[in-house]
1. May I ask you to verify whether Ser41 is surrounded by 13 or more Cβ atoms within 10 Å (Cβ to Cβ), modelled with pLDDT under 95, closer than 23 Å to Ile341 by Cβ and more than 20 Å from the chain's Cα centre (by Cα)?
2. Please specify each residue of segment 109-130 satisfying the condition of being part of a helix (DSSP H, G or I), over 21 Å from Pro327 (Cβ atoms) and either modelled with pLDDT of 90 or more or touching a Gly at 6+ places or on another chain (Cβ under 6 Å) (or both).
3. For segment 324-351, give me each residue that is farther than 22 Å from Ser21 by Cα and either at pLDDT 90 or above or crowded, with 22+ Cβ neighbours inside 10 Å (or both).
4. If you check Val84 against the conditions, is it out of contact with any helix residue (DSSP H, G or I) (no Cβ under 7 Å at 6 or more places or on another chain), part of a helix (DSSP H, G or I), free of Cβ contacts under 8 Å to residues at least 24 places away in the same chain and under 26 Å from His197 (Cβ atoms)?
5. Give me the pairs, please: first residue somewhere in segment 210-222 and surrounded by fewer than 15 Cβ atoms within 10 Å (Cβ to Cβ), second residue anywhere and in a loop (DSSP other than H, G, I, E, B), beta-carbon distance under 6 Å, and either six or more positions apart or on two chains.
6. Applying the selection to segment 73-84, what residues are of a type in the set (A, V, I, L, M, F, W, C) and either surrounded by 10 or more Cβ atoms within 10 Å (Cβ to Cβ) or in contact with an Asp or Glu (Cβ under 8 Å, 6 or more places away or on another chain) (or both)?
Amino acid sequence: MTLFERWHLDRQLFSALLLLSVASLVVLYSASGESLHFALSDAARLLAGFLVMIAVAQIPPDTYKRWSLPIFVGAVAVLALVLVLGVVRFGARRWIAVGPLSIQPSEFMKLSVPMMLAWFFSRYHMPPRWLQLMGATLILLVPVLLIAKEPDLGTALIVLLSGVIVFFLAGMGWRVIGLVVALGLAAAPLLWAHMHHYQRQRIFILFHPEADPLGAGYHAIQAMIAVGSGGLFGQGWLQSSQAHLHFLPDSTTDFAFAVFCQEFGFFGNVALLGLYLFIVYRGLRIAFAAQDTYARLLAGTLSILFFFDVFINMGMVAGILPVVGVPLPLLSYGGTSLIIIMAGLGVLMSIHSHRRLVS
């Protein structure tokens, strides 16, 4: 038995994550102005994430299945507590202070919602019927509305997307999908009316960032300059003018990918994207090989959701999606979001390594 098998780890997935972690250290050292202290802080967070992933991988999927409902109820309760006792930053109440740390409970819903819906659907025959879909929709809307109330529209949409992915993998028919899309389009004016001014501004800026180049469009313009100036081969490591001259805000968090683009260029981006796609591919292979409905739904959802996290951040940096504050998995400097991503990857490894032999 190899070390990976003993610790219930997938060798290929683990190796890809290590490469991404090295890329994170390289990019964030440059983006932080060559700050060794910041790089060590990032290394400590990545180490914590790997330890969480390894710990989560030791727990069999059946245990997650039994605890899906209590975990979801607890996560929703903490989410509701945020609206009362949460810390206000930048006009939003999204964090809870735990000693010197600040925790963002909405990030936990990216894992607990897929677990809850996978458990809910696994109790019935597939594909789900209308009554089951209605019940699952009510389960999904509770955390989505609580997160939107903070307000955190970006995370609310990600959590909503995670639920939609579970619905789709559970076998929701195309007629139902068409009806959901139609209802979503019909509700768009109502959603627009309840959006905050800065959220509407983000959508306007998506199409006309030059309309407010020093205000709402500043992030998008500077990110596109960084991406475009990288060319084919990039300007070289530690040579990102947008980051070092402080033109690019949030260069270590939401816009770390822009720094990567400027320093490593098109071919570096291809290599990075290939690494992300391999992780998604490996996750889907684990989902296909899972031996029960709960494990298949959960593994498939976590894999596809990981892809959308990557797509949304890269699309935001490239100027084809609004700026919604979604970090690039593992590459961006993160706290709660990094831990939740690594926990989700640990669940994938658990599903892969705890498969039972069947005749």
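The values are calculated or read from the model by the stated rules, or taken from the named source; none is laboratory data. Being a predicted model, the structure only gives us computed values, none of them experimental. Counting neighbours? That spans all protein chains shown, and the Cβs are built from the backbone with ideal geometry, glycine included.
1. Criteria met by Ser41.
2. Once the filter is applied, which keeps residues that are part of a helix (DSSP H, G or I), over 21 Å from Pro327 (Cβ atoms) and either modelled with pLDDT of 90 or more or touching a Gly at 6+ places or on another chain (Cβ under 6 Å) (or both), segment 109-130 yields Met115, Met116, Leu117, Ala118, Trp119, Phe120, Phe121, Ser122.
3. Within segment 324-351, the subset farther than 22 Å from Ser21 by Cα is 324, 351.
The one that is farther than 22 Å from Ser21 by Cα and either at pLDDT 90 or above or crowded, with 22+ Cβ neighbours inside 10 Å (or both): Ile351.
4. Numbers: out of contact with any helix residue (DSSP H, G or I) (no Cβ under 7 Å at 6 or more places or on another chain): yes; part of a helix (DSSP H, G or I): yes; free of Cβ contacts under 8 Å to residues at least 24 places away in the same chain: yes; under 26 Å from His197 (Cβ atoms): yes.
It is true that Val84 is out of contact with any helix residue (DSSP H, G or I) (no Cβ under 7 Å at 6 or more places or on another chain), part of a helix (DSSP H, G or I), free of Cβ contacts under 8 Å to residues at least 24 places away in the same chain and under 26 Å from His197 (Cβ atoms).
5. Short answer, once both residue conditions are applied: none.
6. Passing the criteria: Val73, Ala75, Val76, Ala77, Val78, Leu79, Ala80, Leu81, Val82, Leu83.
One line per residue, one yes/no per condition, for (1) among the basic types (Lys, Arg); (2) touching a His at 6+ places or on another chain (Cβ under 7 Å); (3) outside any helix (DSSP H, G or I); (4) closer than 18 Å to Phe167 by Cα:
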{"position": "Ser303", "(1), (2), (3), (4)": "no, no, no, yes"}
{"position": "Asp309", "(1), (2), (3), (4)": "no, no, no, no"}
{"position": "Ile320", "(1), (2), (3), (4)": "no, no, yes, no"}
{"position": "Leu328", "(1), (2), (3), (4)": "no, no, yes, no"}
{"position": "Leu331", "(1), (2), (3), (4)": "no, no, yes, no"}
